[in-house]
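To keep things clear, I will list the structure first and then write my remarks on it.
The values are calculated or read from the model by the stated rules, or taken from the named source; none is laboratory data. Just so it is clear, the structure is predicted and the values come from calculations on it, not from any experiment. FYI the Cβ positions are ideal-geometry reconstructions off the backbone, even for glycines, and counts take in every protein chain you see. Protein only, heavy atoms only, side chains kept; ligands, DNA and RNA dropped before computing areas. Shrake-Rupley method; radii C 1.70, N 1.55, O 1.52, S 1.80 Å.
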Amino acid sequence: MRFVHVADVHLDTSFAGRSESVRRRLREASREAFRRAVDLAIREDARAFLVAGDLFDGERLSFQTERFLLEQAHRLREHGITLVYATGNHDPGAPERGPRALAWPGNVHVVGDGTPRRIAIPDRDGRPVGFVTAVGHATSREPEDLSRRMPRPVGELPEVGLLHTQVHASPGADAHHAYAPSELGWLVRAGYDYWALGHVHLRQMLAEDPPVVYAGSLQGRTHAETGARGAYLVDLSDRGAPAISFRALAPIRWETVRVDGLQDADSLDRLERRVGAAWEAFRTREAVGPGTEWVLRVVLEGATPLWRELRREADLDVVARELREITGVLDLGVVADRVHPVVSVEEHRARPDVLGEVLRLAAAVRRGEERVPGLDPGDLAGIAGDDARALERYVQGLLRDVDGELAARLLGVEGGAR
Ligand SMILES: [Mn+2]
């Protein structure tokens, strides 16, 4: 059985806070990525198209998306491909109500509640080539481990489990709510040949035998969702040797480029040239082909003679607008809250004053030779528990690359920044 596995499509996300044209393009891109996944299924002669939840971002569904989805479902039907869609926390509930109440064609199975359904996947002649067992979220805050309700597979044909779940302790899970939580150990031993999962937007294989796989979001939606995004093409014809390949499909990529060492950038033109060069270097390193669109965030850091301008919103807007033109990206934002005046850290570190003492202490803490006296984990945001070693590492992390900022703040040269 060959199939395509997608997850977390989030159609009709609002993308609030961006210009109307960018928002429209981002919403189009989610549909475009979905269309490309359908193209892939048709081209590769897949028998099933699996959606592991969060097909929709919420209750609202645009006319455009409604027409689009039905069109894609019909394309799959024309090619004898079965679409199985298990709902997630963003699109929970039975298909009779809400955005899922579309006039789906007969090849579509929507599983919108917590009762597992085992669906036979036929070949072109109607003979089953495998089974997909799906279970959906009935509510937006499913507390139960739905995987425990799935029946133990039996028989000679490949069996796939389809589920929107937060697998306990999987990388990136912290960024998502623990809805329908499940245990990797149980999934591995449950008897399925492949677990098609959704919910955690970071693409990953949690296990290889059998494959337990998060497809990741089909099209990135925030700056936290970087890198290529797309679908998995899976072939279980040989149950002992599943063939799994990732296909990048998202037309838009989200990335962040950090630029520091701006001591010599003493004019708008020089600053923009530096950013332009960093952007070119990034694209060369990533070897992304033409045709990809970008939502880019440029983070300016460290010492720069332009620190005063870069903290003014109106000036930052000019930088963002000009950089958007120079780079030709779809959208671009500039973050510059870590820039500071140029001060000679080395010179100040050698002095016997308070600043010198602070700089020497910071360096010693980074090297692990000193601790910040009297520091209580309760005083720090971003760390839990009272493990002394973890606290030390955390503080060392905080003190990385801060000398210039420390010096600038203590010297008071930042006065009158706004
Ligand atoms: Mn999601």
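Some points to look at:
- Rounded to whole Hz, the Karplus (6.51, -1.76, 1.60) HN-Hα couplings of the stretch 293-301, x for glycine and proline: 9, 9, 10, 10, 10, 9, 9, 9, 9
- Taking the chain as a Gaussian network of alpha-carbon nodes connected by springs under 10 Å, the highest mean-square fluctuation of the residues Tyr214, Tyr394, Tyr85 belongs to Tyr394.
- Using 0.36 nm per residue and subtracting the Cα-Cα separation, the extra length available between Leu398 and Ala138 on full extension is 89.3 nm.
- Rounded FRET efficiency, nearest 0.05, which uses the C-beta distance separating Ala248 from Asp337 and R0 of 30 Å: 0.40
- Cβ-derived FRET efficiency at R0 35 Å, Thr292 paired with Asp45, nearest 0.05: 0.80
- Pairwise FRET efficiency - Asp266 versus Arg360, Cβ, R0 = 35 Å, nearest 0.05: 0.70
- Computed label-point distance, nm, for sites Val22 and Arg367 using a 7 Å Cα→Cβ extension: 4.4 nm
- Distance in nm between pseudo-label sites at Gln204 and Glu66 (7 Å out along the Cβ direction from Cα): 3.8 nm
- Share of carbon and sulfur in the accessible area of the chain stands at 48%, probe radius 1.4 Å.
- Taken one residue at a time, the phi angles of the stretch 114-131 give Karplus couplings (6.51, -1.76, 1.60, θ = phi - 60°) of x, 9, x, 10, 9, 10, 6, 9, x, 7, 5, 9, x, 8, x, 10, x, 10 Hz. Gly and Pro are set to x.
- Calculated diffusion of the stretch 141-187, Stokes-Einstein form, Kirkwood radius summed over Cα pairs, 37 °C and 0.692 mPa s, µm²/s: 278 µm²/s
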